[in-house]
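Below is one structure; the comments refer to it alone.
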Amino acid sequence: MTDRYIVGVDLGGTSINVGVLPFDGGTVLGMRSLPTEPHRGAKFVVDRMIEMIQAAMKDARHERAIPEDGFLGLGIGSPGPLDRGTGTVLETPNLGWRNFPLRDLIANGTGLEAVLDNDANCAALGEYWQGAGKAVRNLVAVTLGTGIGGGIVLDGQVFHGASDVAGEIGHMTIDSIGRKCNCGNYGCLEAYASGPAIAARAIEGLDAEGDSLLPSLVGGRLERITAETVYEAIVAGDLYAKDVMKETAKFLGTGLANLINLLNPDMIVISGGVTRAGEHLFEPLRREVRKRAFREGFESCEIVSSELGGMAGVVGAAATFKVEKCGGL
């Protein structure tokens, strides 16, 4: 099927990414990204996704002269939890959806057969198929964005669990009486180490005297501080921002140590804008994991940054269609 193609759609709380993958993998064609803008309503988001899919397919046809029947279908990665069997998004705190029939709406709007899976599961499968995990059998992918997602690949297969909610790494409790999470629980990892949580902790810790660069980077409007702002301050040598990232690494390291002790994976792949902090994140992160995980588990597990970056979800969504409808990778 070297002349056949699959569309991959990665829906997140902040952005929508769409691209076209050759059946056997390779270069992503027609790649495009737009803001999700969930405040404009579910219909707006779905219509935007359909328009992006159609535009990506049009571009891919121009690049590869793909015939009209050259597209096998599309895979969609969405925040969850989900019911994959019915293609329904059961709940997405960052989008505000409940019991939403996303798969069928997209399939009907594009005329393509579609499958739906958790966005972090797709990212994990993408890294396994075409990214950092090509040489391993067991990996965990952690996505740090508007929320924190996770995907688990065991012996080459995505592990979904009994009811499609396996891998909700962002909602493991790391402090039973801690910060409130968007899911309604308290002390979730997501409430400490997601992009918005990093920004919130940075704002809370700013001294009134202000010897950090952060306020100046946002013109004194602290509500504009984001995880990206913290990264910019780190690059500029801001010691306070570095401390915020070290604290983030401690929270994240606690969660990763739990995963290593539970699953003993060959690799943990971390993706998302926070990874731009590089060793300012990874060095204290590995140190924290080393302190908390069993030695044998830590020493046999690589903790690495994503190779696919922002394309992991798109690649993995296409891979999900290939697995479910074409018999495997």
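What follows is calculated from the coordinates using simple rules that are stated; it is not laboratory data. In this text, all values refer to a predicted model and were calculated from it rather than measured experimentally. Glycine gets a Cβ as well: all are built from the backbone with ideal geometry, and neighbour counts include every protein chain shown.
Here are the numbers:
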| read-out | value |
| --- | --- |
| Stretch gain in nm, segment residue 207-residue 326, where the contour uses 0.36 nm per residue and the Cα spacing is subtracted | 37.2 nm |
| Positive minus negative residues near residue 40 (Lys, Arg vs Asp, Glu; Cβ under 15 Å) | -1 |
| Which of 33, 163, 194 has the fewest Cβ neighbours within 10 Å, and the rest in rising order | 163, 33, 194 |
| DSSP bridge orientation in the chain - percent antiparallel, rounded to nearest 5 | 55 |
| Rounded to 10°, Cα long-axis angle of helix 279-292 versus longest principal axis of the chain | 80 |
| Too-long pairs where the Cα-Cα distance tops 29 Å, listed order kept, from 180/246; 180/325; 242/291; 180/322 | 180/325; 180/322 |
| Sites matching GluC sites (Glu not before Pro) across the range 188-286 that sit in DSSP coil, with at most 16 neighbouring C-beta atoms within 10 Å | 209 |
| Pairwise FRET efficiency - residue 287 versus residue 236, Cβ, R0 = 25 Å, nearest 0.05 | 0.60 |
| Over the range 221-329: Rg over Rh, Cα atoms, Kirkwood Rh | 1.07 |
| Gain in span if fully extended, residue 155 to residue 55, counting 0.36 nm per residue against the direct Cα distance | 32.4 nm |
| Mean-position separation - Cα centroids, the range 169-206 and the range 259-302, in angstrom | 19 |
| Calculated P(r) tail over 35 Å for the chain, as whole % of Cα pairs | 21 |
| Label-to-label distance, nm, for residues given as residue 296 and residue 37 (7 Å Cα→Cβ offset) | 5.5 |
| Between 0 and 90°, nearest 10: helix 312-326 axis offset from the chain longest Cα axis | 40 |
| For the range 135-306: span of alpha carbons on each principal axis (Å, largest first) | 52, 32, 24 |
| Local net charge near residue 76, Cβ-Cβ under 10 Å (Lys/Arg +1, Asp/Glu -1) | -2 |
| Nearest-0.05 FRET efficiency for residue 91 and residue 223, computed from C-beta distance (R0 30 Å) | 0.65 |
| Charge tally in the Cβ shell below 14 Å around residue 52, where Lys, Arg are +1 and Asp, Glu are -1, residue 52 excluded | -2 |
